[in-house]
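Below is one structure, written out as structure tokens, with a few remarks after it.
Any read-out appearing in this document is the output of simple, stated calculations on the displayed coordinates, not a laboratory observation. This structure is a prediction, so every number in the text was calculated from the model and none was measured. In this analysis, Cβ positions are derived from the backbone assuming ideal geometry, glycine residues included, and neighbour counts consider all displayed protein chains.
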Amino acid sequence: MKQHFANLIDEEETAIDMTPMLDVVFIMLIFFIVTASFVKEAGIDVNRPEASTAVQKDRANILVAISDTGEIWINKRQVDARAVQANIERLYAENPQGSVVIQADKKATTETLIKVMDAARAAGVFDVSIATQED
């Protein structure tokens, strides 16, 4: 009987408690989710014009795409030109450090591009860039 009791104590001492490790993993997961900066995709692929002075832009969180037919896309959905300002205001409120990058197709009209730029500035975002391809 004494020997049986000793085996039971050895089994309890050799058990590994996984709870602290799981706590650390979940805390790290929460940390990375909270600190991640999410990029809002425009929703369509555009044929961007080429520029030899193109510069890589960091923290471009609000992407607006203008198709060759003049359609405006924000966050993977088509948006009317009158609703661009409200959409940019909402996305800018979610991430005030972000900037607006307009991905205009080569064949998009300048009028549509100017409307989107004006809507971004009216929404309070003055860091507006136009996406290009390098030569």
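Things worth noting here:
- Per-residue 3J(HN,Hα) values for the range 66-82, derived from phi via the Karplus relation 6.51 cos²θ - 1.76 cosθ + 1.60 with θ = phi - 60°, read 10, 7, 5, 8, x, 6, 10, 10, 9, 6, 6, 8, 6, 10, 6, 4, 6 Hz in sequence order (x marks Gly and Pro).
- Prolate/oblate/rounded call for the range 81-135, Cα gyration tensor, a/c under 1.5 rounded: oblate
- Computed about the Cα centre, the dipole magnitude for the range 62-132 is approximately 80 debye when only Lys and Arg (+1) and Asp and Glu (-1) carry charge, each at its Cβ.
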